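Take a look at the structure set out below.
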Amino acid sequence: MTGLEVHLRSVGTALPGPAIDNAALARRFGLGDVWEQWVETFLGTRTRHLSVDLNTGEVDGWLADLGTLAGQRALAAAGVAAGDVDLLVLATSSPDQLMPATVNVIADRLGIDGIPTFQLQSGCSGALQALDLARQLLLGGRHRTALVLGGDVSAKQWDLTIDPRSVSQGDLVSAAMFGDGIGAAVLGVGAEATPGAVVLREVRVRLGGLGRPSGHVVEWFGIADRDRLHGGVAEDYKAIEELVPGLAEQVLGELLDDVGWKRSEIDYLLPPQLSGRMTAKIVEQLAVEGAEEVTVVPDTANTGNALPFFQLERLLPRLAAGERAVAVAIESSKWIRSAFALEKAAAP
């Protein structure tokens, strides 16, 4: 369809349980003050929210629970009824079940039916893949309003019976680096140059993993192999540190070529949120001077597919007419580079 563009109408998020600071995490696993200080200095994370209670082991919010809440908040903020949604997309690396798809459980709880639903199995770039899919379908003219969600919960990965002295340094880093949560956005099709509209100008997602070993692996265990396979998550931090900054720079350049923007025209930068140290390294390499950085990792940790929505939630109240923002996300599972460009339309 010509003469139309995709507008970001609202964002809603949800976090499980209370905030857990580094001191509480260190006490729970007997890790000491040195580890606590290292986490805040190296990772830049002060608190995170987890879907499992570290004292009782009870799950405090599955993905479907949090997704329903975030979806309700986004719809309310946009002034959109559930019955007006005609497209639903969820990105996650941690669905509650393999079947039914979590996206359909969320749809049912929101009272949504009779529409296309999609669940994308992906990591940190999944949220942008979901936004890209929704944007393309909206521009295709068959849909008017999309609810897009991205989130992850780690309840199935927390073994609270394990002796922390038997856990590798890499697993301890993962425990501190990641948090749980979900975000949702309402997208709609509108007329070009609608004053005050936040326009999703472009989304770019490209696989770059040809010949590269995976940097992040999350295992799935079935009945037959539950006792033969050990370790649910593996991460190659050295490969991530080496490759992510370059991939971020590459996809930002590609995105700016797509939309015809210069780095000097960017007002806000939503960078990858791997850790404080890595984010600083990436921002330096992106060289978007003068842009205000929107970061959430100190308060939420790395929430995977939810993270871009938490950044957007902080961005939208700040974004003034005529201002531009870009976001970058890199997925290390098979090296997916992704980015999107937003602009708040000015009055003619």
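The values are calculated or read from the model by the stated rules, or taken from the named source; none is laboratory data. Since the model is a prediction, treat every value here as computed from it, not as a measurement. When we count neighbours, we look across all protein chains shown, and the Cβ atoms used for this are built from the backbone with ideal geometry, even at glycine.
Anything in the stretch 262-313 that is of a type outside the set (A, V, I, L, M), closer than 15 Å to Pro245 by Cβ and in contact (Cβ under 8 Å) with a residue 60 or more places away in the chain? List them, or say none.
The answer is Pro272, Ser275, Gly276, Arg277, Thr279.
For residues in the stretch 1-40 being closer than 22 Å to Pro272 by Cα and without any contact (Cβ under 8 Å) to a residue 24 or more places away in the chain, which is farthest from the chain's Cα centre (by Cα)?
Ranking the qualifying residues of the stretch 1-40, first place goes to Trp38.
Exactly one condition in (1) surrounded by fewer than 20 Cβ atoms within 10 Å (Cβ to Cβ); (2) over 19 Å from the mean Cα position of the chain (by Cα); (3) in contact (Cβ under 8 Å) with a residue 12 or more places away in the chain; (4) not in a helix (DSSP H, G or I) is not met by Val217; state its number.
Of (1) surrounded by fewer than 20 Cβ atoms within 10 Å (Cβ to Cβ); (2) over 19 Å from the mean Cα position of the chain (by Cα); (3) in contact (Cβ under 8 Å) with a residue 12 or more places away in the chain; (4) not in a helix (DSSP H, G or I), only one is false for Val217: (2).
Look through Ala291, Ala287, Ala325, Ala320 and report the one residue that is assigned by TED's automatic domain parsing to the domain that holds Glu249, of a type in the set (Gly, Ala, Ser) and crowded, with 23+ Cβ neighbours inside 10 Å.
Ala325
Starting from the stretch 131-145, take each residue that is within 11 Å of Val186 (Cβ to Cβ) and in the same structural domain as Val85 (by TED's automatic domain parsing) and list its partners that are assigned to a helix (DSSP H, G or I) and acidic (Asp, Glu), counting only C-beta distances under 6 angstrom and pairs at least six apart or across chains.
Final answer for the pair search is Thr145/Asp84.
Might you let me know whether the stretch 329-344 holds any residue that is among the acidic types (Asp, Glu) and more than 19 Å from Met177 (Cα to Cα)?
yes
From the list Gln311, Gln273, exactly one residue is touching a Leu at 6+ places or on another chain (Cβ under 9 Å), more than 15 Å from Met177 (Cβ to Cβ) and crowded, with 24+ Cβ neighbours inside 10 Å. Which is it?
Step by step, each of Gln311, Gln273 is checked, and only Gln311 is touching a Leu at 6+ places or on another chain (Cβ under 9 Å), more than 15 Å from Met177 (Cβ to Cβ) and crowded, with 24+ Cβ neighbours inside 10 Å.
So which residues in the stretch 222-258 are in contact with a strand residue (DSSP E or B) (Cβ under 6 Å, 6 or more places away or on another chain) and modelled with pLDDT under 85, if there are any at all?
Val233, Ala234, Glu235 - these are the residues of the stretch 222-258 that are in contact with a strand residue (DSSP E or B) (Cβ under 6 Å, 6 or more places away or on another chain) and modelled with pLDDT under 85.
Does Thr45 qualify as being under 16 Å from Ala184 (Cβ atoms), in contact (Cβ under 8 Å) with a residue 40 or more places away in the chain and surrounded by 21 or more Cβ atoms within 10 Å (Cβ to Cβ)?
No.
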